[in-house]
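Asker: Below: one structure in structure tokens.
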Amino acid sequence: MIATLQSSTSQLAPSKHEAARGIEEARLDWRSIAAIAPAIIILLGFLFLFFYGVFQSLTDLKFGRPLVRFIGLDNYAALIKTADFWNSVRATVVYAGSAVFVQAALGLALAKLFATEVFLARLMRPVILLPLVLPPMSVALMWTTMMDPQSGIMNYLLSLAGISRFAWISDPATAMFSLVLIDVWTYTPFFALIIFAGLQGINDEIREAARVNGAKGWAIFLHIELPLIAPYILIAAVFRLIESLNQFDIIFGTTQGGPGNSTAVLSVRAYITAFQNLAFGRGAAVMVVNWMIVLVGTFAMVKLWRFVRQRVS
Amino acid sequence: MPRKLAAGCGHSADFVRKALICCTLLVASAMTSTHAKADDINWRQFEGASIVWAYDIHPYADAVAAQLPEFEKLTGIKVTPELYPDDAYWNKLTIQLSTKSPSWDVVGTGIQPAWDLAPGQLLEPLDRYLNDPKLTAAGYDYKDFFPALRDALTWKVKEGQIEPGSGQVWAIPHGFENIQLFYRKDILDKYGLKVPTTPPEMSAACEKLKAADGAITPLGVRGVRFWSSIHTAAISIAKSYGVHDFLIKDGKLETGLESPESIAFHKDYVDMIRKCAAPSFANDNWYQVVDGINSGRTAMAIDSNMFGFWNDVAGKPASGKIAFAPSLRAPNSKNFESNIWIWSLAMNASSQKKGAAWLFIQWATSKQVELNGAVAGKLVNPPRASTWADKAWLEYAAKPEFNNFVDTFKSVQERAALAFTPRVGFAEAMNAWAVAMQKMVNGADVKTTLADLASEIRSSM
């Protein structure tokens, strides 16, 4: 009986061995915390800067103003009352949406071409990546020269095809189209690269099985390949959407947001408000709105990506 | 005595006499030089320092950069010029100074951007340096700068706003510009066109020119959505229509951009731009204006007068072909108006090498450097009275290839004045005006756009 009781108490109370292990685990935790501390500090640093930006957007911070006052949501209230702000929201969404859509379509076509054994396609594979390695500001300057309505090479090329002078970035009616064209030229290779990787990952046996069942080229692409590479397209779209919604260099380097406000996307408006007009509080508010649009867009795309991936797997 | 000396040495008496005279002159000149040095400062007091001088890519910068080895030899201070394209420079200047970065010691600025920078204590007031005999040479002669230029760069900051007239010196001028109409004589002569004097006359001339030669852009003007496109043609012509950027109404500062005068001006100006300017107007800065007039792709331009001068310099493709006239005036006005822009050197308040920076500013704006730059055909419109009294500059500027440069300069300068109201917030209001101008040129209704512009400016005041 005593033996039984002892046995029970020994079962209830932690053994020396277990206690030692607990201490060791605690030590291990501290080590883990020390190991991830730099990451936590960096993350906190990022968060601090972000929240400092949000705080700035709630103030009237401006050069030459001796006192900085907390004004709550006044900057946001002032923004949403202006037509120019809504025009900027529209420009941001149109620019990013159309650029990403066209890039995905062209990137898919290019990737499909690269996946063939055509000699020219194999030759073009490394060449097509060149725009990606150019600094965006250089891309902007290069296209500004090429799109000059009078002396640019683009109009010369159009004239060879009998098309009359096009205003490109100098006319509000064509400026956004021109910017999307530059973005597409620069970043389509990114899509092509990711989608090409996806196509390479498809097992040939699946295609073979489809062929045995009578499927032809287009049907194989539409019903076999496209669903399988859809997650790749979507993950590339997530990255590109984030970048396009924040795009600054290409737009500022070519039109600076003009003519008028036709290409004044939120990132350009924020920069001009803060660094040209020296109204940092209002500039920060525009940036926060831009961030919210990026966040909503990214969440939506990630949700879509998860859904498609589940269906594929 | 000379005869004996000469005989002893085997030289003629005349030779010895000449040698003695030379020696006496040499000693006298050495004594004079020593006396002058006694008035001077120790230029080597910051020897070994290294400073950065930031500026726009501009011939004014080239004029100073060409003489930099002399400064480095004189002071032992190393100067690194950092030159940027116009738009990039102004943005970078604001960022560098607003972040209190000490990496730039001396910066190029105009008065208008300095209005926005000084109240934030981003620029170093220069009075302390100007009045320090250990730091400023007696021969520097600050009062030699034209009084209008000195006054424009002197103001007080009171309750966060600019109070002009007296106060601290914020920058030193080293070149200035007045706004003129300059034109290709060869093109106007070829098509029998008279130099226009008003916007409607200009519009009519442009239509004739376009009909005669569609490849030529009749008029080059800046159109970028940035204050720099307002401060040249637009504000100068607007002023002759009676437009004020700001005015006092019921004791309060109020924008004058939706006044009837402003509406009249904008209707004429927008019509003129549509008929005369390049299709790339919205992207055109002064680089495109200069390139157009230099290459002959543009027949006329309204901008800073030295852009015409630089292209008239001997050896340039357009040398001798560019002539000058006052800027356009309102049809019902007797007088033209011309805004001035003063390229100046200022000191970054966060610079850690302020002594060396001041020696550089002082040297770069000295009489000799100004004169050298002027007769090299680069630092035209020198800001010192002594340069304009110097024969070397006057003879150079009166060369036939410069056509009527000097005469036009003198007549325009009589009416040239700062056309903007000194105030913090210059950039914000003028950037908004530039954007509104692009909208109107692209077809937006003038009256409505100006009302929106006025409302935007009011909301930021």
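Asker: Dividing the alpha-carbon Rg of chain A by 2.2 N^0.38 Å yields what?
Answerer: Expressed relative to 2.2 N^0.38 Å, the Cα Rg reads 1.43.
Asker: I would also like to ask the following. Are any of the pairs B:Lys190/B:Lys210; B:Lys185/B:Lys399; B:Lys208/B:Lys447; B:Lys316/B:Lys378 more than 20 Å apart by Cα-Cα distance, and if so, which?
Answerer: Flagged as over cut-off: B:Lys208/B:Lys447.
Asker: Name the residues whose placed amide hydrogens come within less than 5 Å of the amide hydrogen of B:Gly175, ignoring near sequence neighbours (fewer than 5 apart) on the same chain.
Answerer: Excluding prolines and chain starts, which carry no amide H, the hits are B:Trp343.
Asker: Follow-up. Output the Kirkwood hydrodynamic radius of the range B:73-171, Cα pairs only, in Å rounded to one decimal.
Answerer: 15.2 Å
Asker: For chain A, calculate the relative contact order in percent as a whole number, restricting contacts to Cα pairs under 8 Å that are 6 or more residues apart.
Answerer: Values: 334 pairs, mean separation 79.6, N = 313.
Worked out over chain A, it gives 25 percent.
Asker: List the lysines whose Cα sits under 30 Å from the Cα of A:Lys216, skipping any in the same chain fewer than 8 residues away.
Answerer: Candidates past the 8-residue exclusion: A:Lys112.
Asker: Cut-off 10 angstrom, C-alpha nodes, Gaussian network model of chain A. Which of A:Leu108, A:Leu160, A:Leu179 fluctuates the most?
Answerer: So, out of A:Leu108, A:Leu160, A:Leu179, the one fluctuating most is A:Leu160.
Asker: Next up: Based on DSSP, what percent of beta bridges with both residues in chain B are antiparallel, to the nearest 5?
Answerer: So the antiparallel bridges in chain B amount to around 70 percent.
Asker: Now a separate question. Regarding the range B:201-329, what are the three Cα extents along the principal axes, ordered largest first, in Å?
Answerer: Per principal axis, max minus min of the Cα coordinates gives 56, 31, 25 Å.
Asker: Can you give the Rg/Rh ratio of the range B:319-376, where Rg is from the C-alpha atoms and Rh is the Kirkwood radius? Walk me through the numbers before you get to the answer.
Answerer: On the way: Rg = 18.9 Å, Rh = 15.6 Å.
A ratio of 1.21.
Asker: In peptide A:163-172, how many Cβ atoms from other protein chains are near each Cβ within 10 Å, on average? Spell out each step's value before the answer.
Answerer: Working: counts 0, 0, 1, 1, 3, 3, 3, 10, 4, 7.
Other-chain Cβ atoms within 10 Å of each residue's Cβ, averaged: 3.
Asker: So what's the angle, to the nearest 10 degrees on a 0 to 90 scale, between helix A:16-56 and the longest Cα principal axis of chain A?
Answerer: Roughly 30 degrees between the two axes.
Asker: Only four residue types carry charge here, +1 at the Cβ of Lys and Arg and -1 at the Cβ of Asp and Glu. Report the dipole size of the protein assembly as shown about the Cα centre in Debye, rounded to the nearest 20.
Answerer: That gives the protein assembly as shown a dipole magnitude of about 460 debye.
Asker: In peptide A:248-259, how many Cβ atoms from other protein chains are near each Cβ within 10 Å, on average?
Answerer: For peptide A:248-259, the averaged partner shielding equals 4.
Asker: Taking chain A as a Gaussian network, Cα atoms linked when under 10 Å apart, which of A:Leu67, A:Leu141, A:Leu245 shows the biggest mean-square fluctuation?
Answerer: For chain A, modelled as a Gaussian network with Cα springs under 10 Å, the answer is A:Leu67.
Asker: If I model the range B:273-322 as equal point scatterers sitting on the Cα atoms and use the Debye formula, what is log10 I(q)/I(0) at q = 0.28, 0.32 Å⁻¹?
Answerer: With one equal scatterer per Cα and no solvent, log10 I(q)/I(0) is -1.11, -1.34.
Asker: Taking every pair of alpha-carbon atoms in the range B:346-443, what share in percent sits in each 5 Å bin, from 0 to the bin with the longest distance?
Answerer: Cα pair-distance distribution for the range B:346-443, in percent: 2, 10, 13, 12, 12, 14, 15, 12, 7, 2, 0.
Asker: Right, next: Any lysines with Cα under 21 Å of the B:Lys158 Cα? List them, leaving off those in the same chain fewer than 8 positions away.
Answerer: Of all the lysines, those that pass the test against B:Lys158 - Cα under 21 Å, at least 8 places apart if same chain - are A:Lys62, B:Lys249, B:Lys252.
Asker: Over 5 Å intervals from 0, what percent of Cα-Cα pairs in the range A:219-313 sits in each interval?
Answerer: The percentages, shortest bin first, are 3, 13, 17, 17, 14, 10, 9, 8, 6, 3, 1, 0.
Asker: To continue, here is another question. Return the equivalent ellipsoid semi-axes of the range B:393-435 as a descending list in whole Å, where each equals the square root of 5 times an eigenvalue of the C-alpha gyration tensor.
Answerer: Computed over the range B:393-435, the values are 35, 12, 9 Å.
Asker: Which whole number gives the average count of other chain Cβ atoms within 10 Å of the Cβ atoms across peptide B:274-285?
Answerer: Average neighbour count from other chains, rounded to a whole number: 5.
Asker: Starting from the Kirkwood Rh over alpha-carbon pairs, what translational D in µm² s⁻¹ does the range A:50-172 have by Stokes-Einstein at 4 °C and 1.567 mPa s?
Answerer: 66 µm²/s
Asker: Considering just Cα atoms, how many Å³ per residue does the convex hull of the protein assembly as shown enclose?
Answerer: 322 Å³
Asker: Quick check: Cα centre of the range B:179-206 to Cα centre of the range A:241-285, how many Å?
Answerer: The range B:179-206 and the range A:241-285 have Cα centres separated by 37 Å.
Asker: Same structure again: Using amide H atoms built 1.01 Å from N in the peptide plane, name the residues 5+ places from B:Glu82, or on other chains, whose amide H lies under 5 Å from its own.
Answerer: Under 5 Å from the amide H of B:Glu82: B:Trp53, B:Ala54, B:Tyr55.
Asker: What ratio of Cα Rg to 2.2 N^0.38 Å holds for the range B:405-456?
Answerer: Normalised Cα radius of gyration, the range B:405-456: 1.58.
Asker: Now for a separate question. Where in chain B are the DSSP H helices whose C-alpha atoms run 27 Å or more along the long axis and whose mean Kyte hydropathy is at least 0.0?
Answerer: Numbers: long enough: B:13-39 (40 Å, 0.69).
The qualifying helices are B:13-39.
Asker: Please report, in Å, the Rg and the Dmax of the range B:268-362, where both are computed over Cα atoms only.
Answerer: Answer for the range B:268-362, Rg first and Dmax second: 18.4, 54 Å.
Asker: May I pose another question? Could you quote the convex hull projected area for chain B, Cα atoms only and averaged over all directions, in nm²?
Answerer: With every direction weighted equally, the projected area is 27.0 nm².
Values in this text are rule-based calculations from the coordinates and carry no lab data. Everything numeric here is computed off the predicted structure, so don't read it as measured data. All Cβ positions, even for glycine, are placed from backbone atoms using ideal geometry, and neighbour counts span all protein chains on display.
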